[in-house]
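Trainee: Please find one structure pasted underneath; my questions will follow.
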Amino acid sequence: MVDAYTPKPKHKFTFGLWTVGNPGRDPFGEPTRSVLTPAEIVDLLGEVGGVHGVNFHDNDLIPIDATEAEAESIKADFAAALKRNKIRVPMATTNLFSDPAFKDGAFTNNDAEVRAYALQKTMRGMDLGAEFGAQVYVFWGGREGIETDAAKDPVLAEQRFRNALNFLCGYSKERGYDYKFALEAKPNEPRGHMYFPTTAAYLALIPTLEHPDMVGVNPEVAHEHMAGLNFTHAVASAISAGKLFHIDLNDQQFGRYDQDFRFGSADIKSAFFLVKLLEDQKWDGFKHFDSHAYRTADRDDVIAFARGSMRTYMMLKHRVKVWNSDPVIKKLLRQINRESRDLESLCAYSKSHAETLLAMEFDRRELASRPLPYEELDQRTMDILLGL
Ligand code: GLT
Ligand code: MN
Ligand code: MN
């Protein structure tokens, strides 16, 4: 079915080899779907239709113990699949969490040799990503953390992480890769406590780096929701700082483990305000669905999952247009936002403005009595969201 909500590559929707290719393994059960090769996953995305790109970890594409010859043949198959399906590779990343060598972290590990190995693996991952034209390089510190604070000095751990990023920025520059680095936060899982638990923590780290201009964030809906935080606000902070380099769209209710559900499937109202923010701000980055189909899904249902992820975004984007042009919403917004040019300029600091403000008289009771019809505004939002 082709309609106004059918995605096109220009909408920049992307999926990961590890997301649509996820075989449905969980901590309690074996895979429920067969493992697909990278080329088969790209063919599946071609069948989904309208997909811009596919992202990978180094070892999603090339198994960690592959020989040189195996690597070359996998890359050739993958490149051919990308070509026949007209799918690009916008983002790449490193798996620094699966191998037991990283059981106590990669860049923050207490063992200098593990830290050096993590740098080497990341440089090779960057080479691989660049070979396929990736523009964004994500850092998700899956094992950067602790179960007991006796294990690591957290200030030292941060410094080690900073050192690693400084090194890798140097490498990217020297190789002329022009990567945008995007740091992805998560509060816990798989570690008991992970360093840089929220997007805001990474936004605070970035100005302390040697090349802050090269580094931004990759916020994920599920990860902020795990911590009970408002994801739209985290994204707004990243946009205000000019640091939204990539985004991981998925969904889940607050306070659960990392469920990585289909975008918009758990909290449609939050998803609406997120899409509204991205669209109102004309954000033009890659929208990556970092989610898994339910473990019960078969291949057809995985396709339905991928199509549904993009369709929900497109439908919400349409609802944002309706919301923005709705006369009732507009009237309510005018009523709520009481602007005054004079007061605005008075609130830009100067000594005389401060004196004027100090001398002014405010009628607190009158200020408190001004109506704020947010019930009406929110209900009108519901009407629009539900298509009435
Ligand atoms: C892993 C994690 C994701 C990260 C990926 C990038 S891997 O699936 O749960 O949130 O984005 O390393
Ligand atoms: Mn997740
Ligand atoms: Mn993610």
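Trainee: Hey, can you find the accessible area per residue of the chain for me, probe 1.4 Å, expressed in square angstrom?
Mentor: With the other protein chains kept in place, the chain gives 51 Å² per residue.
Trainee: Here's another thing I want to ask about it. Note down the magnitude of the dipole of region 235-388 about its Cα centre, charges +1 on Lys and Arg C-beta and -1 on Asp and Glu C-beta and zero elsewhere, to the nearest 20 debye.
Mentor: Here region 235-388 has a charge dipole of around 300 debye.
Trainee: Also, quick follow-up: Could you check what % of the DSSP bridge pairs in the chain are antiparallel, to the nearest 5? If you can, show how the numbers build up before the last one.
Mentor: Working: 4 of 29 bridges.
Just about 15 percent of them are antiparallel.
Trainee: Another one. Rg(Cα) of the chain divided by 2.2 N^0.38 Å?
Mentor: Values: Rg = 23.4 Å, N = 388, 2.2 N^0.38 = 21.2 Å.
Compactness ratio reported: 1.10.
Trainee: What does the C-alpha gyration tensor say about the overall shape of region 1-79? Classify as rounded when a/c is under 1.5, otherwise prolate if a/b is larger than b/c, or oblate.
Mentor: On the way: a/c = 2.55, a/b = 1.42, b/c = 1.80.
Cα axes put region 1-79 in the oblate bin.
Trainee: Specify the angular offset, from 0 to 90 degrees and rounded to the nearest 10, of the alpha carbon long axis of helix 299-325 from the longest principal axis of the alpha carbons in the chain.
Mentor: 20
Trainee: How big is the dipole moment of region 302-369 about its Cα centre under a simple scheme where the beta carbon of each Lys and Arg is +1, that of each Asp and Glu is -1, and everything else is neutral? Debye, nearest 20, please.
Mentor: Working: 13 positive and 8 negative charges, 156 e Å.
Once rounded to the nearest 20, the dipole reads 760 debye.
Trainee: Report the Cα-based extents of region 157-269 along its three principal axes, largest first, to the nearest Å.
Mentor: 43, 27, 22
Trainee: Consider all pairwise Cα distances in region 50-149 and report the whole-number % of them above 22 Å. Write down the numbers at each step before the final one.
Mentor: Working: 1725 of 4950 pairs.
Distances greater than 22 Å cover 35 percent of the Cα pairs.
Trainee: To check you understand DSSP bridge types, tell me what percent of the beta bridges within region 131-282 (both residues inside) are antiparallel, rounded to 5.
Mentor: Numbers: 3 of 13 bridges.
In region 131-282, DSSP labels about 25 percent of beta bridges as antiparallel.
Trainee: For region 226-286, just list the percent of Cα-Cα distances falling in each 10 Å bin from zero outward, please.
Mentor: 21, 56, 23, 0
Trainee: Using only the alpha-carbon atoms, how far is helix 374-385 inclined from the longest principal axis of the chain? Give it as 0 to 90 degrees, nearest 10.
Mentor: It works out to around 40 degrees.
Trainee: Please turn the phi angles of region 342-352 into ³J(HN,Hα) values with the Karplus equation 6.51 cos²θ - 1.76 cosθ + 1.60 (θ = phi - 60°), one per residue in order, whole Hz, x for glycine and proline.
Mentor: So the J values, rounded to whole Hz, are 4, 5, 4, 6, 5, 7, 8, 5, 8, 4, 5.
Trainee: Shape of region 349-388 from its Cα gyration tensor (a ≥ b ≥ c, root eigenvalues): rounded if a/c is under 1.5, otherwise prolate when a/b > b/c, or oblate? Each step should come with its number before you reach the end.
Mentor: Working: a/c = 10.27, a/b = 2.70, b/c = 3.80.
It is oblate, given that a/c is not under 1.5 and a/b is not larger than b/c.
Trainee: Report the per residue volume, in Å³, of the convex hull enclosing the C-alpha atoms of region 88-204.
Mentor: Values: hull volume 11.8 nm³, N = 117.
Roughly 101 Å³ of hull volume per residue.
Trainee: Is region 53-112 best put as rounded, prolate or oblate by its Cα gyration tensor, with a ≥ b ≥ c the root eigenvalues, rounded for a/c under 1.5, and otherwise prolate when a/b is larger than b/c, oblate when not? Numbers along the way, then the final one.
Mentor: Values: a/c = 4.22, a/b = 1.91, b/c = 2.21.
Here region 53-112 falls in the oblate category.
Trainee: Now for a separate question. Over 20 Å between Cα atoms, which of 10/86; 83/173; 103/173 qualify?
Mentor: 83/173; 103/173
Trainee: When the expected Rg is taken as 2.2 N^0.38 Å, what fraction or multiple of it is the alpha-carbon Rg of region 182-334?
Mentor: Numbers: Rg = 16.3 Å, N = 153, 2.2 N^0.38 = 14.9 Å.
Normalised Cα radius of gyration, region 182-334: 1.10.
Trainee: Can you find, among 7, 55, 333, the residue sitting farthest towards the positive end of the charge dipole of the chain, where Lys and Arg contribute +1 and Asp and Glu -1 at Cβ?
Mentor: Farthest along the dipole direction, towards plus: 333.
Trainee: For a bin width of 10 Å, list the pair-distance distribution of region 136-195 built from all Cα-Cα distances, rounded to whole %.
Mentor: Reading the bins upward from 0: 21, 45, 25, 8, 0.
Trainee: Counting only the backbone N, which residues of region 274-305 are under 18 Å from the spot 7 Å out from the Cα of residue 378 toward its beta-carbon?
Mentor: Zone members listed by number: 274.
Trainee: Rank 96, 372, 358 by mean-square fluctuation in a GNM of the chain with C-alpha springs under 10 angstrom and give only the top-ranked residue.
Mentor: 358
Trainee: So, one more: Which percent of the accessible area of region 253-388 is formed by carbon and sulfur heavy atoms (probe 1.4 angstrom)?
Mentor: Values: 4690 of 8890 Å².
Taking all protein chains in place, region 253-388 shows 53 percent carbon and sulfur surface.
Trainee: Taking 0.36 nm per residue of sequence separation and subtracting the Cα-Cα distance, how much length would be gained by fully extending the chain between residue 259 and residue 162, in nm to one decimal? Intermediate values should be presented prior to the final figure.
Mentor: Numbers: separation 97, 0.36 × 97 = 34.92 nm, distance 2.91 nm.
Here the answer is 32.0 nm.
Trainee: Students often forget the sequence filter, so: which aspartates and glutamates lie under 16 Å Cα-Cα from residue 287 once same-chain residues fewer than 8 apart are removed?
Mentor: List returned: 184, 220, 248, 251, 260, 279.
Trainee: Need the C-alpha centroid separation for region 217-244 versus region 162-199, integer Å.
Mentor: Taking the Cα centre of region 162-199 as reference, the centre of region 217-244 is 16 Å away.
Trainee: Here's something else I'd like to know. Taking the 0 to 90 degree range and rounding to the nearest ten, how far is the long axis of helix 327-336 tilted relative to the main principal axis of the chain, both from C-alpha atoms?
Mentor: For 327-336 against the chain, the angle is about 70 degrees.
Trainee: Separate question: Report the dimensions of region 280-388 along its three principal axes from the alpha-carbon atoms, largest first, rounded to Å.
Mentor: Answer, in whole Å and largest first: 70, 33, 24 Å.
The values are calculated or read from the model by the stated rules, or taken from the named source; none is laboratory data. Bear in mind the structure is a predicted one, so any value in this text is a computation, not a measurement. In this analysis, Cβ positions are derived from the backbone assuming ideal geometry, glycine residues included, and neighbour counts consider all displayed protein chains. Quick note on the areas: whole protein, heavy atoms, side chains included, nothing else; ligands and nucleic acids left out. Shrake-Rupley method; radii C 1.70, N 1.55, O 1.52, S 1.80 Å.
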